[in-house]
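The values are calculated or read from the model by the stated rules, or taken from the named source; none is laboratory data. As the structure is a computational prediction, the values presented were derived from the model and not from experiment. Neighbour counts are summed over all protein chains in view; Cβ atoms, including those assigned to glycine, are modelled from backbone coordinates with ideal geometry.
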Amino acid sequence: MTLRVAVVGSGPAGSSAAETLAKAGIETYLFERKLDNAKPCGGAIPLCMVGEFDIPPEIIDRRVRKMKMISPSNIEVNIGQTLKEDEYIGMCRREVLDGFLRDRAAKLGAKLINGTVHALDLPSNNTGAYTIHYADHSDGSVEGVARTLQVDLVIGADGANSRVAKAIDAGDYNYAIAFQERIRLPDDKMAYYEELAEMYVGDDVSTDFYAWVFPKYDHVAVGTGTMKVNKADIKKLQAGIRARAAHRLEGGKIIKVEAHPIPEHPRPRRVVGRVALVGDAAGYVTKSSGEGIYFAAKSGRMCAETIVELSQNGQRIPSEDDLKVYLKRWDKKYGMTYKVLDLLQTVFYRSDATREAFVEMCADIDVQRLTFDSYLYKTVVPANPLVQLKITAKTIGSLLRGNALAP
Ligand SMILES: Cc1cc2nc3c(=O)[nH]c(=O)nc-3n(C[C@H](O)[C@H](O)[C@H](O)COP(=O)(O)OP(=O)(O)OC[C@H]3O[C@@H](n4cnc5c(N)ncnc54)[C@H](O)[C@@H]3O)c2cc1C
C-alpha cells in the first residue's frame with residue numbers, strides 16, 4: 001500500500017510537514033485556502049531556522065542586529081551587544097516566506113490543492129479512510145467547487161482557528177489577540193530601523209505582553225497583544241504603543257491593519273485517532289516572546305518525520321499510538337522552553353515595577369548572551385554555575401530594587 005496523508009494549511013507548519021512527507025515518497029495532499037495569504041505576523045525568525053530549513057537569503061528582508069528593550073518609564077536598553085558578526089534575527093514578509101516553503105513542498109512532490117477544507121468525516125474503524133470535504137478554488141472562484149478526498153492520515157496545520165481541531169474535538173486553548181499596523185515611514189525615519197527592532201513594555205502598551213516596532217521590507221510593523229481580549233482595550237493599547245514610539249513614527253502612513261489570535265498553550269488533545277495537530281493549530285507559541293514560526297515549522301517536520309519512520313516510508317498506516325510518539329518527542333525537546341518562558345511572563349509582565357526590573361536586568365551582558373543564544377539557536381545552553389549564580393543574584397536584586405515583589 002501507499003499511505004495517503006492530507007496536510008490542511010500551508011503556513012510554516014503545513015508546508016514543512018508536506019515537504020518531509022513528499023521527500024519520503026508518501027502520497028501527500030497540501031490544502032491551502034488562499035495561495036497569497038499574508039498571515040498577520042511580525043515575521044521575526046531565529047537564525048537556526050535559516051540553516052535548518054535552508055531559507056535562501058532573498059527571503060529575509062532585513063537582518064536585525066540591534067534590539068532595544070524600552071521600560072514603562074522609557075529607559076532604553078540595547079540588547080544586541082553579544083551578537084557576533086554573522087548573527088542576526090531574520091525579518092520576513094509572511095507571504096514571501098510561506099510562498100517559498102509551499103512551492104518547495106510542491107516541487108518535491110506534494111500535491112498542492114487550492115481549497116478550503118470545511119469538514120472532516122471520521123472513519124468508523126481503525127483502518128478506514130478519513131473523508132475531507134473542501135471547496136476547490138482552482139477555477140478562480142471564491143466559493144469554489146465542492147469536492148471530497150479520502151486519506152489515511154490528516155495533519156491539521158490550519159492555524160489558530162483550526163477546523164481540523166474542531167472536527168476531532170481537540171479542545172480549546174486560551175489565546176491572546178495581537179493587533180498590528182504596518183506603517184510606511186519617510187526614508188530618514190526608516191533609516192533608524194534599518195537593522196533595529198524595538199520591544200516596549202508597560203501597562204499602557206500591554207497589561208500582559210509586550211508591544212513592538214519591527215522593521216519589515218519597506219515599512220515597520222507596529223503592534224501589541226493581550227490575553228484580556230476586548231476590542232476597545234486592544235485599540236487603547238495600540239494607541240499606547242503609537243504614543244510611545246510617536247517621535248520615531250512621525251510622518252508615517254498606515255498601509256495595513258491586521259489582527260489575529262495567538263494561542264497561549266497547547267490544546268488538551270493534539271493527536272486523536274489518525275489526526276495530528278501541528279503549529280498554531282496545536283498551540284505551540286511561546287509565552288513571553290510570542291514566537292511561533294519556528295515552532296510551527298519544526299513541529300510540522302517532527303510530526304512528518306515520525307509518520308515516515310513509523311509507517312516505514314508509507315508501507316503501513318500508523319496508529320494513534322504511533323502518532324503520539326511525535327508528541328512525546330516534541331514535549332521532551334521543547335517542554336522546558338515553554339515552561340521557562342511561561343514563568344518569565346508570569347514574573348516579569350506582572351506590573352510596571354516588575355517590567356522596570358526586567359529591562360534593567362536585560363542590560364547585563366550574561367543575561368543578553370543567554371537570552372540571544374536561547375532565541376537564535378533554540379538550545380537552552382546552561383551557563384556555567386558562576387554565571388548562573390550571578391544572573392540569579394542580579395534578577396533578585398533588580399526585582400527588590402524596583403519593589404517589584406511587593407504584593
Ligand atoms: C500579529 C502577530 C505577530 C506575530 N509575530 C511573530 C513573530 O514575529 N515571530 C514569530 O515567530 N511568530 C509570530 N507570531 C506567531 C506566528 O504568526 C504563528 O505562530 C505562525 O504563523 C504559526 O504557523 P502555522 O503554520 O501553524 O499557522 P498559520 O501561519 O496560521 O498558517 C495556517 C495556514 O492554513 C491556512 N488555512 C486555514 N484554515 C484553512 C482551511 N480550512 N482550509 C485550507 N487552508 C486553511 C491559512 O490560510 C494559512 O495559510 C505572530 C502572530 C501574530 C498574530
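For every residue, the table says whether it meets (1) aliphatic (A, V, I, L, M); (2) within 26 Å of G283 (Cα to Cα).
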position	(1), (2)
F100	no, yes
L108	yes, no
L112	yes, yes
S124	no, no
Y173	no, yes
L196	yes, no
D203	no, yes
| Looking at (1) within 12 Å of the ligand (Cβ to nearest atom); (2) within 23 Å of the chain's Cα centre (by Cα); (3) not aliphatic (A, V, I, L, M), which is the only condition H118 fails? | (2)
| task | Report those strands (runs of 3 or more DSSP E) wholly inside the stretch 33-109 carrying at least 1 residues which are among the acidic types (D, E) and at negative phi. | result | 76-78
| note | Expected output for the stretch 295-306 (first residue under 23 Å from S374 (Cβ atoms), partner near the ligand (Cβ under 7 Å from one of its atoms) and of a type in the set (S, T, N, Q), Cβ below 9 Å, 6+ apart or cross-chain) is none
| said: For the stretch 309-322, check the following and say yes or no: at least one residue is in contact with a helix residue (DSSP H, G or I) (Cβ under 7 Å, 6 or more places away or on another chain) and touching a residue at least 60 places away in the same chain (Cβ under 8 Å). | reply: yes
| said: I'd like the full set of residues that are within 14 Å of the ligand (Cβ to nearest atom) and surrounded by fewer than 24 Cβ atoms within 10 Å (Cβ to Cβ), limited to the stretch 21-34. | reply: Y29, R33, K34
| message | Residues that are in contact with an Asp or Glu (Cβ under 9 Å, 6 or more places away or on another chain) and either modelled with pLDDT under 95 or away from the ligand (no atom under 11 Å from the Cβ) (or both): list the helices (runs of 4 or more DSSP H) wholly contained in the stretch 210-286 that include at least 2 such residues. | response | 231-244
| request: Name the single residue, out of those in the stretch 1-18 being of a type outside the set (G, A, S) and more than 18 Å from G115 (Cβ to Cβ), that is farthest from the ligand (Cβ to nearest atom). | output: M1
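Residue-wise test of (1) surrounded by 24 or more Cβ atoms within 10 Å (Cβ to Cβ); (2) more than 23 Å from N126 (Cβ to Cβ).
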residue: P268; (1), (2): no, no
residue: V271; (1), (2): no, no
residue: V275; (1), (2): yes, no
residue: G279; (1), (2): yes, yes
residue: V285; (1), (2): yes, yes
residue: A296; (1), (2): yes, yes
residue: M302; (1), (2): no, yes
| task | Could you tell me whether any residue of the stretch 178-195 is surrounded by 20 or more Cβ atoms within 10 Å (Cβ to Cβ), more than 16 Å from the ligand (Cβ to nearest atom) and over 21 Å from P72 (Cβ atoms)? | result | yes
